[in-house]
1. Where the second residue is basic (Lys, Arg) and surrounded by 21 or more Cβ atoms within 10 Å (Cβ to Cβ) and the first is touching a residue at least 24 places away in the same chain (Cβ under 8 Å) and under 19 Å from residue 83 (Cα atoms) and lies in the stretch 94-123, which pairs have Cβ atoms under 6 Å and are six or more apart or on separate chains?
2. Among the residues of the stretch 110-151, how many are over 28 Å from residue 235 (Cα atoms) and of a type in the set (A, V, I, L, M)?
3. Can you list the strands (runs of 3 or more DSSP E) lying wholly within the stretch 256-351 that have 2 or more residues being open to solvent by less than 80 Å² (accessible area, probe 1.4 Å) and closer than 23 Å to residue 7 by Cα?
4. Just wondering, is there one or more residues in the stretch 246-255 that are of a type outside the set (Ser, Thr, Tyr), at pLDDT below 95 and more than 26 Å from residue 186 (Cα to Cα)?
5. Would you check which residues across the stretch 130-148 are open to solvent by 10 Å² or more (accessible area, probe 1.4 Å) and in a helix (DSSP H, G or I) and list them?
6. Which pairs have Cβ atoms under 6 Å, sit 6 or more apart or on different chains, and link a residue in the stretch 291-316 that is farther than 24 Å from residue 106 by Cα and among the hydroxyl-bearing types (Ser, Thr, Tyr) to one that is open to solvent by 40 Å² or more (accessible area, probe 1.4 Å) and assigned to a helix (DSSP H, G or I)?
7. Would you point out which residue out of 307, 241, 276 is under 27 Å from residue 48 (Cβ atoms), out of contact with any strand residue (DSSP E or B) (no Cβ under 8 Å at 6 or more places or on another chain) and either modelled with pLDDT under 95 or not hydrophobic (A, V, I, L, M, F, W, C) (or both)?
Amino acid sequence: MMKAALKTDEGIFTIEEAELPALPGPDWVMVRVRVAGICGTDLRHWQKHEHDLAGHIMGHELAGDVVEIGGEVTNVAAGDRVVVETVLGCGHCEWCRARQYNICPDLYATRSKYVSRAYGQFLVAPASHVYRLPDHVSYEQASLIDTFSVCLHAQHLSGLTINERVAIVGAGPIGLGQLMLAKASGADVLIIDTVDHSLELTRELGADVIVNSTRDDPVAAMKAMTHGRGADIVFECAGGESMPQTLPLATELARRGGKVVIIGGFDPGVQEMPLEWQRIQMSEIQLIPSASFAWWHLDKEQGQVLELLGKGKLDAARLITHRYPLDRINEAFHCANDKARTGAVFIAVEM
């Protein structure tokens, strides 16, 4: 048996004893989770009455130790410190065969059965989705690799190149990761949020223009930065309940012929979104949805992020603001959900 946080009908967690997972095949490994993160996707399920998730182990950002390997595993060994990629498709559909498992029709059913169970002490994963950590990368830092991988996939889709003018809507972990990657790629970046402590961190991370949209006009600031033209690329990184405001804003920030990359998640059942479609069409503004991550050309994107983190090109440690033990996971979620008061950016749940 193992300790795990189980989702309740009310949308909070209860700490229970749960069954240990078993290796499904000879090319799988078992991992003892050491640190799990709380991200925006997790918060969209917080305190929501979702009967279909009741009794489930949640969480999808994690690092830990290999404790058991199947007979065909060669890339890791028992005792290795690892990060687990939790984007796991069915493995046999057209999209999985084309290495686009991030858009597998059975993605969520598959990942929630195996790898997206970070709020439990143990989980199993295919060896192909387990990466050995360099000694100088901590479990905490590694738990942010999922976040950065989402950002890298979005940047790949955007085609961002040096000296582009970029706008980022939202300064949570995704927006901050997007900022780091854009600056590392030679872009000038304007970033928008409503929380001052988050915006102050963006200044420390190299943002060129910072806008609190409760006080200042983001569109005017973007035009001032670009001599009236607008952003070459806009990354919408807020999502959730704010999407009816932030996605239209993102399209207003983009220049004619620009791009809007949609990273922030939509709440279930969203059918309508008020957008200025005539301007979008007549300006040939591209709307580019971005979903998780997988491969890009010859490399897996999570492996690329691990390499960037290991080389010091991404600063995960700057984003970790709070730490809680698993027994206090509800307190951790309250803290993450009230970031304007608590100053939370990324919260590490220690297992």
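The values are calculated or read from the model by the stated rules, or taken from the named source; none is laboratory data. These figures come from a predicted structure and were not determined experimentally. Here the Cβ positions follow ideal geometry from the backbone for every residue, glycine too, while neighbour counts run over all protein chains shown. Please note that ligands, DNA and RNA were not included when accessible areas were found on the heavy atoms of the full protein model with its side chains. Shrake-Rupley method; radii C 1.70, N 1.55, O 1.52, S 1.80 Å.
1. 123/117
2. The qualifying residues number 6.
3. 320-325, 346-350
4. The answer is no; no qualifying residue exists.
5. 139, 140, 141, 146
6. Between residues of the stretch 291-316 that are farther than 24 Å from residue 106 by Cα and among the hydroxyl-bearing types (Ser, Thr, Tyr) and residues that are open to solvent by 40 Å² or more (accessible area, probe 1.4 Å) and assigned to a helix (DSSP H, G or I), there is no close pair.
7. That would be 241, the only listed residue that is under 27 Å from residue 48 (Cβ atoms), out of contact with any strand residue (DSSP E or B) (no Cβ under 8 Å at 6 or more places or on another chain) and either modelled with pLDDT under 95 or not hydrophobic (A, V, I, L, M, F, W, C) (or both).
The rows are residues; the columns are (1) aliphatic (A, V, I, L, M); (2) under 27 Å from residue 271 (Cα atoms); (3) touching a residue at least 40 places away in the same chain (Cβ under 8 Å).
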residue	(1), (2), (3)
147	no, yes, yes
159	no, no, yes
170	no, yes, yes
195	yes, no, yes
201	yes, no, yes
208	no, no, no
217	no, no, no
229	no, no, yes
236	no, yes, yes
